[in-house]
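Q: One structure is given below, represented as C-alpha cells, and several questions about it will come after.
The values are calculated or read from the model by the stated rules, or taken from the named source; none is laboratory data. Everything numeric here is computed off the predicted structure, so don't read it as measured data. Note that we place each Cβ from the backbone using ideal geometry, even for glycine, and neighbour counts take in every protein chain shown. Quick note on the areas: whole protein, heavy atoms, side chains included, nothing else; ligands and nucleic acids left out. Shrake-Rupley method; radii C 1.70, N 1.55, O 1.52, S 1.80 Å.
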Amino acid sequence: MAEHAGFPLAEPGLWVERTSTTNFPAGRAALFLDRDGTINVDTGYPDDPSAVALRDGIAPVIEAANQCGIPVVVVTNQSGIARGYFGWEAFARVNGRVLDLLGERNAFVDMVLACAYHEAGRGALAVADHPMRKPNPGMLLEAGRRLGLDLKRSLIVGDKPADMQAGQRAGLERGWLVEGEISTMGGLSVSPLRDATDLEGLVTCVRSL
C-alpha cells in the first residue's frame, strides 16, 4: 500500500480530489461526467498519459458549465487498479493529462472521484458490488455531500448504461449516453449523445441549470 502515500484517497479504493478552488453555494446542480469513453477516448485500461486524447465536443460542454457556475464532477470506475494492471500513480498521471488537455480548451473540472474496487481485484480492492462502483451511486452521493449539491437537478454524461444507472440511483432526472438511444430508466430521462446537434442540446441544458 506504500504507493498510495500522498494521493487523495478517502479509502484504499476511492480517490476523491478537489481539483479547483471554486466555492459553490449550497444547492447547486452539478454536471457529472464519466471519464474514459466520455471525456477522453477509451483505450481500455489507460495508463499512458502520452496516449490520452479528448473526445470531440466534450470540452465546450464543460466550459459551458464553468461559465454558468455549475460544478463539474468526474466519476470514474478504475478496475484496472484493482486488477493490478497499474496503480494510483499511473492513474494520477493519466488523469492529470486529461485535466491539462481540458484546460488548454478553457474547460475545468472541480472534483474527481475514482473507484478502484472490483470483484476481480486483489487484496483490499477485491470487493464485489462496492457502493462506490457504478452502477451504484456512491461516488455521486459522496460528491453531493461534499459540495452540497442538488442531485435531482444535476446531469450525468457517460458512455455505459452503468453511468445512467448510477445517476438514476442517486436521484438524478436527466442523463446523456454516448452513442445511446432515447430511453427512460426509472426516473431518469436518457438522451443520446451522438452528434453536434445532441451536443448543442446538452450545452443548452447545462446553461439552463
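Q: Any residue that is buried (at least 19 other Cβ atoms within 10 Å of the Cβ), of a type in the set (S, T, N, Q) and without any contact (Cβ under 8 Å) to a residue 24 or more places away in the chain - is there at least one of those in segment 188-200? Show your work before the answer.
A: Here is the first cut: in segment 188-200, the ones buried (at least 19 other Cβ atoms within 10 Å of the Cβ) are 188, 190-191, 193.
Imposing the further condition that a residue be of a type in the set (S, T, N, Q) reduces the set to 191.
Narrowing the set further to residues that are without any contact (Cβ under 8 Å) to a residue 24 or more places away in the chain leaves 191.
Looking for residues that are buried (at least 19 other Cβ atoms within 10 Å of the Cβ), of a type in the set (S, T, N, Q) and without any contact (Cβ under 8 Å) to a residue 24 or more places away in the chain, one finds at least one in segment 188-200, hence yes.
Q: Please work out if Thr204 is within 17 Å of Pro71 (Cα to Cα), modelled with pLDDT of 95 or more and out of contact with any Lys or Arg (no Cβ under 7 Å at 6 or more places or on another chain). Before the answer, list the steps.
A: Working: within 17 Å of Pro71 (Cα to Cα): yes; modelled with pLDDT of 95 or more: yes; out of contact with any Lys or Arg (no Cβ under 7 Å at 6 or more places or on another chain): yes.
It is true that Thr204 is within 17 Å of Pro71 (Cα to Cα), modelled with pLDDT of 95 or more and out of contact with any Lys or Arg (no Cβ under 7 Å at 6 or more places or on another chain).
Q: Scanning segment 1-49 for residues that are of a type in the set (Gly, Ala, Ser) and at pLDDT below 95, which turns out farthest from Gly87 (Cα to Cα)? Before the answer, list the steps.
A: Restricting attention to segment 1-49, the residues satisfying the condition of being of a type in the set (Gly, Ala, Ser) are 2, 5-6, 10, 13, 20, 26-27, 29-30, 37, 44.
Still in the list and also at pLDDT below 95: 2, 5-6, 44.
Numbers: Ala2: 11, Ala5: 12, Gly6: 13, Gly44: 15 Å.
Per the stated criteria, the residue is Gly44.
Q: If Ile62 satisfies every condition in (1) part of a helix (DSSP H, G or I); (2) modelled with pLDDT under 95 but one, which is the exception?
A: Only one criterion in (1) part of a helix (DSSP H, G or I); (2) modelled with pLDDT under 95 is unmet by Ile62, namely (2).
Q: Name the residues in segment 24-49 that are assigned to a loop (DSSP other than H, G, I, E, B), closer than 17 Å to Met164 by Cα and in contact with a helix residue (DSSP H, G or I) (Cβ under 8 Å, 6 or more places away or on another chain), would you? Write out each step before concluding.
A: Taking segment 24-49 first, the residues assigned to a loop (DSSP other than H, G, I, E, B) are 24-27, 29-30, 34-35, 37-39, 41-48.
Next cut, closer than 17 Å to Met164 by Cα only: 29-30, 34-35, 37-39.
Result: Ala30, Asp34, Arg35, Thr38, Ile39.
Q: Among (1) without any contact (Cβ under 8 Å) to a residue 60 or more places away in the chain; (2) closer than 21 Å to Thr43 by Cα, which single condition is Leu101 missing?
A: (1)
Q: Among the residues of segment 126-153, write down those that are of a type in the set (A, V, I, L, M, F, W, C), farther than 21 Å from Cys205 by Cβ and open to solvent by 20 Å² or more (accessible area, probe 1.4 Å).
A: Start the filter on segment 126-153 by keeping residues that are of a type in the set (A, V, I, L, M, F, W, C), which leaves 126-128, 132, 139-141, 143, 147, 149, 151.
Narrowing further to those that are farther than 21 Å from Cys205 by Cβ: 126-128, 132, 139, 141.
Hits for segment 126-153 are Ala126, Val127, Ala128, Met132, Leu141.
Q: Of everything in segment 79-98, what is touching a residue at least 60 places away in the same chain (Cβ under 8 Å) and open to solvent by less than 10 Å² (accessible area, probe 1.4 Å)? Give them in sequence order. Quick ask: steps written out before the conclusion?
A: Taking segment 79-98 first, the residues touching a residue at least 60 places away in the same chain (Cβ under 8 Å) are 81-82, 87-89, 91-92, 95, 98.
Result: Ala82, Trp88, Phe91, Asn95, Val98.
Q: Can you say whether Val157 is more than 18 Å from Arg28 (Cα to Cα), open to solvent by less than 30 Å² (accessible area, probe 1.4 Å) and out of contact with any His (no Cβ under 7 Å at 6 or more places or on another chain), as far as the supplied structure shows?
A: When the stated conditions are applied, Val157 does not pass them.
Q: For a quick check of your reading of the model, give me the residue pairs whose first member lies in segment 124-138 and is free of Cβ contacts under 8 Å to residues at least 60 places away in the same chain and farther than 17 Å from Met164 by Cβ, whose second is open to solvent by 60 Å² or more (accessible area, probe 1.4 Å) and part of a loop (DSSP other than H, G, I, E, B), with beta-carbon atoms closer than 6 Å and at least 6 apart or on different chains.
A: Ala128/Glu119
Q: Please tell me if Ile81 is part of a helix (DSSP H, G or I) and more than 21 Å from Ile156 (Cβ to Cβ).
A: Working: part of a helix (DSSP H, G or I): yes; more than 21 Å from Ile156 (Cβ to Cβ): yes.
In short, yes.
Q: Name the single residue, out of those in segment 1-55 being acidic (Asp, Glu) and within 17 Å of Glu142 (Cα to Cα), that is surrounded by the fewest Cβ atoms within 10 Å (Cβ to Cβ).
A: Restricting attention to segment 1-55, the residues satisfying the condition of being acidic (Asp, Glu) are 3, 11, 17, 34, 36, 42, 47-48.
Add one more test, that the residue is within 17 Å of Glu142 (Cα to Cα), and what stays is 11, 17, 34.
Details: Glu11: 14, Glu17: 18, Asp34: 24.
Once the filter is applied, the top-ranked residue is Glu11.
Q: Follow-up question, since we're still on this one. If we keep just the residues of segment 152-209 that are in contact with a helix residue (DSSP H, G or I) (Cβ under 6 Å, 6 or more places away or on another chain) and assigned to a loop (DSSP other than H, G, I, E, B), which is nearest to Glu63 (Cα to Cα)?
A: Ala170
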